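Peer 1: Please read through the structure below; I'll follow up with questions.
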Amino acid sequence: EKKRMGKRKAYNVHEKLELIDRIHAGQSKAKISHDTGVPESTLRGWLKEEYRLRPFVVTVSETEGLSRKRACTASDAPLDTAVYNWFVQERAVSTPISGSIVKTQAEKFCQELNGDNNFAAGQGWLDCFKRHHGISQVKISADSEAASTFPDKLKAYLEEEGFTEEQVYNADESGLYFKMLPDTTHAAKNDEKKSEGFKQDKNRVTFLFTCNKTGNHKLTPLCIGKSRQPRCFYHTNMKPLPIKYKNSKEAWMTRDIFKDCFFKSFMPSVRCHLRSKRLPEKAVLLLDNCPAHPPAESLKTSDGNIKVFYLPKNTTSKIQPLDRGIIVNFKKAYRKELVKELVASDNSITDHLKKYSLKHMMYLANKSWNSI
């Protein structure tokens, strides 16, 4: 007679993430498996699903989401996954997302994935999608109390650790539709085409901006696109480019990209800057709680002198320096430079935009970043 297997324990999202964080912190899967009884194969499966599990920490319905044992799937799984990944990334940078925006995005993805122009995401579809992922509608508000008290706590921490303003850094991501024109236009009263739509180019990249508190050290921005090798970079030496480039499936920040950037770009650049200022080679990087940012334990030098400090949730718009005008000013400067280039071109605006590449964008973006 075959031995009956015991009932398998169902782990909720919070428990899974705790074990995933232990792996990221350097513990072996064998050790965790021995301590918890979770098979190594199961741990590997959870790691592959981390992109779906991690966002439950920042979705707008945390209490329900974290207690779920399983992340339910929809009848059209690829569409459901695409919409949910988009939703999480937008919420990670605090973009307000209404039900109508979710439905419109679903229709767009359905057309791209299935070639179906007739799909209409109704209220029933939206309700089902929200139930699948523990999403609910909430009134958007920053945690004013935390935002008002945290600066004092941060100041005390920096003084205790002995950091000067030159040694305090901030990094933040932001999306840029680098070919998009204004959605309003001036028109003469008799202009018969003044209300006609203009098909906008929605090529989107993600930028990572980093600078220190004094503004004396602005690191080279990182640009994340979808293509590993965009055509405009063929036969191009990437090293002299003014902007660093990485790629991911949806042109979003990932934990691997961020970790690589921290150790290979941020850390050596900060050390070089601090040496030039004759300061100790120690620094702290202030970050928001974006799910694409690895745990603090995995973002520090071996000596612990360069490390990260996570800001409280729902307070970054009031505390984070880059959220308080720097990124907005960068985008304004970029749009101004783009318009100047379009006007100076001998070609029509439409024709010039067709030839305007990621490579061109990098030089304008670099000029704009250096101007603020």
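The values are calculated or read from the model by the stated rules, or taken from the named source; none is laboratory data. Quick caveat: nothing in here was measured; it's all calculated off a predicted structure. We place every Cβ from the backbone using ideal geometry, glycine too, and count neighbours over all the protein chains shown.
Peer 1: Show the residue pairs meeting these rules: Cβ distance below 6 Å; 6+ apart or different chains; first residue within the stretch 268-279 and over 15 Å from Gly215 (Cβ atoms) and in contact (Cβ under 8 Å) with a residue 12 or more places away in the chain; second residue of a type in the set (Val, Ile, Thr) and in a helix (DSSP H, G or I).
Peer 2: Short answer, once both residue conditions are applied: none.
Peer 1: Within the stretch 343-359, restricting attention to residues that are assigned to a helix (DSSP H, G or I) and under 19 Å from Arg204 (Cβ atoms), which residue is nearest to the chain's Cα centre (by Cα)?
Peer 2: Among residues in the stretch 343-359 that are assigned to a helix (DSSP H, G or I) and under 19 Å from Arg204 (Cβ atoms), the one nearest to the chain's Cα centre (by Cα) is Leu358.
Peer 1: When you look at Arg278, is it among the charged types (D, E, K, R) and in contact with a Pro (Cβ under 9 Å, 6 or more places away or on another chain), yes or no?
Peer 2: Answer is no for this residue.
Peer 1: Here's something else I'd like to know. Within the stretch 1-58, how many residues are modelled with pLDDT of 80 or more, surrounded by 11 or more Cβ atoms within 10 Å (Cβ to Cβ) and not in a helix (DSSP H, G or I)?
Peer 2: So the count comes out to 5.
Peer 1: Here's a follow-up. Across the stretch 141-172, which residue is modelled with the lowest pLDDT among those that are within 30 Å of Trp369 (Cα to Cα) and of a type in the set (A, V, I, L, M)?
Peer 2: The extreme case among them is Ala142.
Peer 1: Moving to a separate point now. Val83 fails exactly one of the following numbered conditions: (1) modelled with pLDDT under 70; (2) within 21 Å of Phe129 (Cβ to Cβ). What is the number of that condition?
Peer 2: For Val83, the failing item is (1).
Peer 1: Criterion first (of a type outside the set (A, V, I, L, M), touching a Pro at 6+ places or on another chain (Cβ under 9 Å) and either under 22 Å from Tyr310 (Cβ atoms) or at pLDDT 95 or above (or both)) does Pro291 satisfy it?
Peer 2: Values: of a type outside the set (A, V, I, L, M): yes; touching a Pro at 6+ places or on another chain (Cβ under 9 Å): yes; either under 22 Å from Tyr310 (Cβ atoms) or at pLDDT 95 or above (or both): yes.
Considered against the rule, which asks whether it is of a type outside the set (A, V, I, L, M), touching a Pro at 6+ places or on another chain (Cβ under 9 Å) and either under 22 Å from Tyr310 (Cβ atoms) or at pLDDT 95 or above (or both), Pro291 comes out as yes.
Peer 1: Out of Ile306, Ile372, report the one residue that is of a type in the set (Val, Ile, Thr) and within 30 Å of Leu47 (Cβ to Cβ).
Peer 2: Just a single option satisfies the conditions, and that option is Ile306.
Peer 1: Might you let me know whether the stretch 206-220 holds any residue that is farther than 30 Å from Glu159 by Cβ, modelled with pLDDT under 95 and hydrophobic (A, V, I, L, M, F, W, C)?
Peer 2: Taking every residue of the stretch 206-220 in turn, none turns out to be farther than 30 Å from Glu159 by Cβ, modelled with pLDDT under 95 and hydrophobic (A, V, I, L, M, F, W, C).
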